[in-house]
1. Out of (1) under 26 Å from ILE32 (Cα atoms); (2) free of Cβ contacts under 8 Å to residues at least 40 places away in the same chain, the odd one out for ASN314 is which?
2. So which residues in the range 2-31 are polar (S, T, N, Q) and either touching a Cys at 6+ places or on another chain (Cβ under 8 Å) or assigned to a loop (DSSP other than H, G, I, E, B) (or both), if there are any at all?
3. Of these, VAL153, VAL197, VAL164, which one is at pLDDT 95 or above, among the hydrophobic types (A, V, I, L, M, F, W, C) and out of contact with any Pro (no Cβ under 7 Å at 6 or more places or on another chain)?
4. State whether the residues of the range 14-26 include one that is surrounded by fewer than 18 Cβ atoms within 10 Å (Cβ to Cβ), more than 24 Å from VAL208 (Cβ to Cβ), more than 20 Å from the chain's Cα centre (by Cα) and touching a residue at least 24 places away in the same chain (Cβ under 8 Å).
5. Quick one: which residue in GLU44, GLU34 is closer than 29 Å to CYS353 by Cα, in a strand (DSSP E or B), more than 21 Å from the chain's Cα centre (by Cα) and charged (D, E, K, R)?
6. Regarding the range 260-279, can at least one residue be identified that is more than 19 Å from VAL208 (Cβ to Cβ) and of a type in the set (Lys, Arg)?
7. Out of all the residues in the range 374-421, which are more than 18 Å from ILE32 (Cβ to Cβ) and part of a loop (DSSP other than H, G, I, E, B)?
8. For ARG128, indicate whether it is in contact with a Ser or Thr (Cβ under 8 Å, 6 or more places away or on another chain) and among the charged types (D, E, K, R).
Amino acid sequence: MELWERAKAHIPGGVNSPVRAFASIGVAPRFIAEAHGAWLTDVEGKRYMDYVCSWGPMILGHDRAEIRQAVVEAAGRGLSYGAATEIEVEMAEQVCAMVPGVEMVRMVSSGTEAVMSAIRVARGYTHRDKIVKFNGCYHGHSDCLLVQAGSGVMTAGIPDSAGVPAGCTADTLTAAYNDLSGVEALFRRWPESIACVVVEPVAANMGVVPPKPGFLEGLRALCSRYGSLLIFDEVITGFRLGPQGAVGYFGVQPDLVTYGKIIGAGLPVGAYGGSREIMSVVSPLGAVYQAGTLSGNPVAMAAGLTQLRLLASNPQWYEELNRTGDWFYGEIQRIVREAGLPYPVNHVGSLGCLFFTQGPVENYVQAKTADTEAFGAYCRYLLEQGVYAAPSQFEAMFLSTAHTRQELNRTLEIIGAYFKG
């Protein structure tokens, strides 16, 4: 396609984020022209039922009227001021009111920036250097976290990234997701050196991998015992699993939590927050420096705050969406099993993933056994049939409140036809 050739001429790989290249499934990317509800339309006029939802933010569907109106009104007052605004205060108040244990929050411009900043806070607060992350968990592309990262790094077959000096990752320790014994071993070896443990409470960048019962609770106990901070990376799960995110869904209290995606309703945004005591180390109150010219952008705040208020006022939407997720992903699992295949379907609420593996997936090693060629054939078929799913075995499917049972049933028919051959 002409647009794809033009893109490749002036953008690295033709895309501004690697997984959009569709390289892992062997086709050219779809260039989207517009989106409404649960549907995308590409530049050639073809419509797709959307299960990417802009990688999570569109929990209420695309082009929600109230959010669009809030954005239009905010843009009419100016796009950016580089100064404090009332809506930043309202956003901070909203997040703190919704999430237990979050008393102060700092807005940033991306999930990568949020996690990078939270780790700096943890190091500054504890006066320690080492951090623990989990193999297959992706926390953005900051240097110290590109170690055994998931998502696009897995798809490209690149274990780390060129351009990251060895010294940047010298204090990054890795453990297997869902393996508490490995984390405990790290703490025993460095009992007074680990500043924090950062974890996706539901791993969603090596496909969807739920935490085993007791895993998050065990991390909380270990961090408390050794004086380290527990960071929940909720860039994906934040305000998706429920009005309190994973914090409320699992009933485990981290020390710091990071957000993105849903809190911007599709506009670039991120945030990190925690107790007043911990967040008071952030400049200008404390010695941990972090800044951003466009942090708290008024248009992004208008979009995100409107979405959060809608979600907070309608908690039944979460109950309905999570029930729909249980049914929908359960039906995909039934279809696969009836086809005589061992492929597991992992899901938590509206997040889900079909793994082309021979057994269960509970960690990075098991996720890496996926047959990516088989997944590619499946994903290409879905695209041909007008179903837009993540073009990577190691990404999640997302549902929104805009997906109707009729549309979901049609998708299940398409999936069923594929596995029946």
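1. (1)
2. Passing the criteria: ASN16, SER17.
3. VAL197
4. no
5. GLU34
6. Checked the range 260-279: at least one residue is more than 19 Å from VAL208 (Cβ to Cβ) and of a type in the set (Lys, Arg).
7. GLN393, PHE394, ALA396, LEU399, THR401, THR404, GLY421
8. It is true that ARG128 is in contact with a Ser or Thr (Cβ under 8 Å, 6 or more places away or on another chain) and among the charged types (D, E, K, R).
The values are calculated or read from the model by the stated rules, or taken from the named source; none is laboratory data. Keep in mind that this is a model prediction, so the values were computed, not measured. So basically every Cβ, Gly included, is an ideal-geometry build from the backbone, and we count neighbours across all protein chains shown. Each accessible area value is taken on the protein alone, full model and side chains, heavy atoms only, with ligands, DNA and RNA left out. Shrake-Rupley method; radii C 1.70, N 1.55, O 1.52, S 1.80 Å.
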